[in-house]
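Notes for the one structure printed next.
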Amino acid sequence: ADRFILPPSSVQSLAMCLPYPWRRACWILLLTGVNLMGVNLQGVRIARVSTVPYFVVTQLGGQIEYLAGAGAQVTVVTSPGPELKSLLSKNVSLELIDIPRSIRPWKDAIALFRLVQCFRRKRFDIVHSTTPRAGLLCAIAGVIARVPIRLHTFTGQPWVNLKGLTYFVARSAD
């Protein structure tokens, strides 16, 4: 597939002088792997949040490497799992927060509390979630912690096989 090629620092320059929705669009371009030809991300603190560590390793590995290579301070926030050994060799930080995959109000509340603590402690510029449960909790935690840029990449439809009130709540949250 063709990729956009932007001049050096163009995304950063645009992001600083555009109104919020356009600024957000520039960051979306950056985080989705657009070739930015040497954009310097020194000092930009980015959290990639996923419920499942397998997804981080198999689907986000290239993006995480690219962002870290461009100078961003990347932190992966995910549940514990054996797949995380492969992330240790990359230049990224790791925060283990048990994010439940199913609806479990008590565990969801604990995960939300820990996400807020993590976001406040690390003072991220951007939080980007990629799985449905992580997306909901990350959005709420990002607002509470006042993270300036909050993104979610839609990656599935966990509500498709649900019924009744559970379907409505899950679909609305997505």
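The values are calculated or read from the model by the stated rules, or taken from the named source; none is laboratory data. On a predicted model such as this, the values are computed, not experimentally measured, just so you know. Because the Cβ atoms are built from the backbone with ideal geometry, glycine has one as well, and the counts that use them run over all protein chains shown. What goes into the accessible areas is simple: the full protein's heavy atoms, side chains included, and nothing from ligands, DNA or RNA. Shrake-Rupley method; radii C 1.70, N 1.55, O 1.52, S 1.80 Å.
For segment 78-144, the Kirkwood hydrodynamic radius from C-alpha pairs, put into Stokes-Einstein at 25 °C and a viscosity of 0.890 mPa s, yields a diffusion coefficient of 194 µm² per second. Amide H contacts for THR75 (H built 1.01 Å from N in the peptide plane; partners 5 or more residues away or on another chain; cut-off under 5 Å): ILE46, ALA47, ARG48, SER93.
Rolling a 1.4 Å probe across all protein chains gives PHE154 an accessible area of roughly 110 Å². When ARG101, ARG123, ARG146, ARG45 are compared by accessible surface with a 1.4 Å probe, the order from highest to lowest is ARG146, ARG101, ARG123, ARG45.
With both labels modelled 7 Å from their Cα along Cα-to-Cβ, the TRP106 to ALA70 distance reads 4.3 nm.
Partners of LYS85 within straight-line reach, counting lysines whose Cα lies under 26 Å from its Cα and excluding those fewer than 8 residues away in the same chain: LYS107, LYS122. Here the Kirkwood formula puts the hydrodynamic radius of segment 36-126 at 13.7 Å, using every distinct Cα pair.
Placing +1 on each Lys and Arg Cβ and -1 on each Asp and Glu Cβ, with no other charges, gives segment 77-153 a dipole about its Cα centre of roughly 140 debye. Here the Karplus relation 6.51 cos²θ - 1.76 cosθ + 1.60, evaluated at θ = phi - 60°, turns the backbone of segment 56-65 into coupling constants of 4, 5, 7, 9, 10, x, x, 5, 5, 4 Hz, with x for every Gly and Pro. A 1.4 Å probe, protein heavy atoms only, puts the accessible area of VAL57 near 50 Å².
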